[in-house]
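I have placed the structure first, in the form of structure tokens, so that the comments after it can refer back to it.
Derivation of every value follows stated rules applied to the coordinates shown; laboratory data play no part. Predicted, not measured: the structure shown is a model, and the values here were computed from it. Please note: Cβ atoms are built from the backbone with ideal geometry, for glycine as well, and neighbour counts cover all protein chains shown.
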Amino acid sequence: MPELPEVETVRIGLKRLLVGRDIAKVEHNWNKSFPNPKIEVDKYMINSKIIDVRRRAKILMIDLTENYSLVIHLKMTGQLVFRGNEDFGAGHPTDSLVGKLPDKSTRVVITFYDGSKLYFNDQRKFGWMRLMPTTEIKNIDFMKKVGPEPLDDNFTNTEFISRLYKRKKSNIKAVLLDQTIIAGIGNIYADESLFAAGIHPASIVNAIPADRLKKLYISIKQILLLAIEKGGSTDRNYVNAEGKRGSYIDIAKVFRKEKQPCPKCNLAITKIRVAGRGTHVCLSCQKLYLEANK
DNA sequence: CACTTGACCTGTCCGC
DNA sequence: TGCGGACAGGTCAAGT
């Protein structure tokens, strides 16, 4: 759910809302959501100031003074929602999808000296937050093996194809979801990109013609950029740093569109299972490539 | 070694 | 209406 565009949207919001704020208090109620011992959290977070908010793949990094950072993965249902000082008694903003906070899915609350708060909500408890020295982030296993950012100007079609070919006998959808091949793509944007490129998700990588892969490369960049513009996709839980929904899902072509007409050919979109995931496909517009040189 | 499946969790939806 | 089970999907560990 939170994929590159959603995490980037949260990053932009948090950077605007959090930088410069001083931490007064940190509370958490679920150890797996924030495993650092309380004594360490208090020592390095309280009285420190937020100086930057960064992203790599689907991971957020909130940098603090004293060279410590909060590293956060939202997984499927994680939310980071900022609320201003609520002493006005208004309850919560009426345009927020999230109700009064904290609620039963709140795992961590960070309170700032001005009374504002940052809530880490996570219904399914798969997400996590870790406090560590900023220079240690690059040593996390995931960071060592994660692939390139698809929106980097340095990320060329040539590099894209050579990386896909590391798993050339696999189906293309599984490879797009593999974060060590390319960073940031999840179920929504894999389906949308493959539709745009006219490739069936079960196609085998080395059977797909080069011009199709180039179309896929271009589609991934275009779709991720457009999705960031739209503030991401709110399918179920995802909200931005202000608790608001993203609107990309409204313009999605195939994701969650099963039984609805394909925007190109009108045939009903089909939902199948590929790489163990629910997968949306137009069987007429997306060609299945299974054997090389055909 | 490459790929697939199961585990981690909770809430929702569907069929009986 | 209540209840069981399937499903939602990011990543890592375990299994084939």
*Per residue and in cubic angstrom, what volume does the convex hull of the Cα atoms of the stretch A:155-294 have?*
110 Å³
_Estimated [θ] at 222 nm from DSSP helical runs (n ≥ 4, -39500 (n - 2.57)) normalised by residues in chain A, nearest 500_ = -7500 deg cm²/dmol
_In the stretch A:103-235, if the dipole is taken from +1 on Lys/Arg beta carbons and -1 on Asp/Glu beta carbons about the Cα centre, which of A:L213, A:A202, A:G115 is farthest to the positive end?_
A:A202
_Whole-Hz couplings from phi, Karplus 6.51/-1.76/1.60, listed for the stretch A:206-222; x for Gly and Pro_ = 7, 9, 8, x, 4, 5, 5, 5, 5, 4, 5, 4, 5, 5, 4, 4, 5
*Which residue, chosen from A:I62, A:L151, A:S162, occupies the Cα position most advanced towards the positive end of the dipole of the stretch A:40-181, where the dipole is computed from +1 (Lys, Arg) and -1 (Asp, Glu) charges on Cβ about the Cα centre?*
A:S162
*Choice from A:I72, A:I140, A:I272 showing the highest fluctuation, given a GNM over chain A with Cα pairs closer than 10 Å*: A:I140
_Where a label projected 7 Å from the Cα of A:N47 along Cα→Cβ would reach, residues of the stretch A:100-117 with amide N under 15 Å_ = A:113
*For A:D52, list long-range residues whose amide hydrogen, built 1.01 Å from N in the peptide plane, is under 5 Å from its own amide hydrogen.*
A:D63
*Can you give the charge dipole size of chain A about its Cα centre, rounded to the nearest 20 debye, using +1 on the beta carbon of Lys and Arg and -1 on the beta carbon of Asp and Glu?*
1160 debye
_chain A: angle of helix A:187-197 to the longest principal axis, Cα-based, in degrees nearest 10_ = 30 degrees
*Would you mind telling me which residue in A:T77, A:T234, A:T156 has the biggest mean-square fluctuation in a Gaussian network model of chain A, where springs connect alpha carbons within a distance under 10 angstrom?*
A:T156
*If you take the alpha carbon radius of gyration of chain A and divide it by 2.2 N^0.38 Å, what ratio comes out, to two decimals?*
1.07
